[in-house]
Amino acid sequence: MNKLAVISHLLSNALLQSPHKQSGTGFAPTNIALCKYWGKRDAELNLPITSSLSIALPNKGSTTTLTLIDQSIDRVIFNGRERSSTSPFVERLVQYLDLFRRERAWHLQVDITMNIPVAAGFASSAAGFASLVIALNDLFDWHASRQTLSILARLGSGSAARSLWMGFVEWQAGADPCGMDSYGMPLEKSWPDLCVGLLSLNNQPKPISSRRAMQQTVASSVLYESWPKQVSRDLVLLKQAIQDKNFPLLGSIAENNALSMHATMLSSMPPICYFLPETLEAMHRIWKLRAEGLALYFTEDAGPNLKLLFLKSDIKRVQIHFPEMLLAADGSQADPAIDARG
Ligand code: PMV
């Protein structure tokens, strides 16, 4: 099954004719995986080999507004600046919009505003595609469920499947070859004292995209064989940690999960290494601080930057050691479980 067939299966033809409104808008939060998604069983549909689990950053993410325009091409304005129609970013976005444009008679102005550092491994594509899907739902008046929107967002970027809810979200790998059972599910648990900080260490473009890096790892790393086993263990332990509000368990499993994912990349051929000297230096500082008694952990995605995990009671101590850290979830948000149920 290809993307078009999945969309036709989820939305009837009547819903895909043309937009019902002049404009549509949507916000989606960034999500940070505590148990990573690494490896696809279907590259076209972004179907994962394993399930994964994330936490949303409630006030960090992407807002997309779509407005019908009387022009022959789409216009994309990103953070207030119009982007060239030939840039890879716009091409990927327009390709995605084309999936919903059965007769290409209409075009859009796409305004995207993100309040997270972009392309720095802070999951901007997840929030971006999820907010785009929510905006499409508004524009077309689909009244689609969050589950359906999660599947649609996954077709844009795998991890976007988790950005449709606040709080903790598990993306179930599913078993259906068409992916109808592969979507996000909110965990009805909140943890207001849990904090996430973004540590921007180097913002140079990535040496290799996560899409290619995943393919290369699955195809060539002998260590990848152990990844599904690791994920099964980590999902159980992370859910246990969330249930019991056991922070050392959550932090140590999230950190170990991220390092194990990077180990599979290092052992792929040719090797993939997102660590930079700044990344390793920060890791060693975190381990030293932890040995000295500070409950501080990290996770890292497909980039050199780190996300710090700690409790609200330690905000000041963490800020002293990492003054440049951007506090993305400070535990003072509304109960995420309320949003998760909504
Ligand atoms: O959704 P993608 O293709 O950007 O892949 C995301 C992969 C990681 O960020 C490394 C892990 C994850 O689960 O978010």
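The values are calculated or read from the model by the stated rules, or taken from the named source; none is laboratory data. Please read these numbers as outputs of a predicted model, since none were measured by experiment. FYI the Cβ positions are ideal-geometry reconstructions off the backbone, even for glycines, and counts take in every protein chain you see.
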Check your understanding: Which condition number does SER252 fail, the rest of (1) in contact (Cβ under 8 Å) with a residue 60 or more places away in the chain; (2) within 27 Å of VAL318 (Cα to Cα); (3) assigned to a helix (DSSP H, G or I) being met?
Key -> (1)
Study note, to complete from the structure: Note on region 141-167: residues among the hydrophobic types (A, V, I, L, M, F, W, C) and in contact with a helix residue (DSSP H, G or I) (Cβ under 6 Å, 6 or more places away or on another chain) are TRP142, ALA144, LEU149, LEU152, ALA153, LEU155, ALA160, ALA161, LEU164, TRP165, MET166
Study note, to complete from the structure: Restricting attention to region 125-140, the residues that are surrounded by fewer than 24 Cβ atoms within 10 Å (Cβ to Cβ) and either among the polar types (S, T, N, Q) or within 11 Å of the ligand (Cβ to nearest atom) (or both) number exactly 2
Check your understanding: If a residue has to be more than 18 Å from ARG162 (Cα to Cα) and surrounded by 24 or more Cβ atoms within 10 Å (Cβ to Cβ) to count, how many in region 30-80 make the cut?
Key -> 1
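Okay, residues lined up against (1) closer than 29 Å to PRO117 by Cα; (2) surrounded by fewer than 16 Cβ atoms within 10 Å (Cβ to Cβ); (3) at pLDDT below 95; (4) not assigned by TED's automatic domain parsing to the domain that holds VAL118:
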site	(1), (2), (3), (4)
SER232	no, yes, no, yes
PRO270	yes, yes, no, yes
GLY293	no, yes, no, yes
LEU311	yes, no, no, yes
Review point. Across region 34-80, what is the number of residues that are among the hydrophobic types (A, V, I, L, M, F, W, C), in contact with a Phe, Trp or Tyr (Cβ under 9 Å, 6 or more places away or on another chain) and in a loop (DSSP other than H, G, I, E, B)?
Key: 2
Exercise for review: Considering only residues that are in a loop (DSSP other than H, G, I, E, B) and within 28 Å of ARG211 (Cα to Cα), look in region 281-303 and name the one that is farthest from the chain's Cα centre (by Cα).
Suggested key: GLY303
Exercise for review: Have a look at SER200, SER210, SER267 and point out the one that is more than 18 Å from the chain's Cα centre (by Cα) and of a type in the set (Ser, Thr, Tyr).
Suggested key: SER267
Check your understanding: Would you call PRO205 assigned by TED's automatic domain parsing to the domain that holds CYS273 and farther than 27 Å from PHE310 by Cα?
Key -> yes
Exercise for review: State the number of residues belonging to region 272-288 that are more than 13 Å from MET325 (Cβ to Cβ) and either within 16 Å of the ligand (Cβ to nearest atom) or touching a residue at least 24 places away in the same chain (Cβ under 8 Å) (or both).
Suggested key: 7
Check your understanding: ARG146 versus (1) at pLDDT below 95; (2) away from the ligand (no atom under 16 Å from the Cβ): which is the lone unmet condition?
Key -> (1)
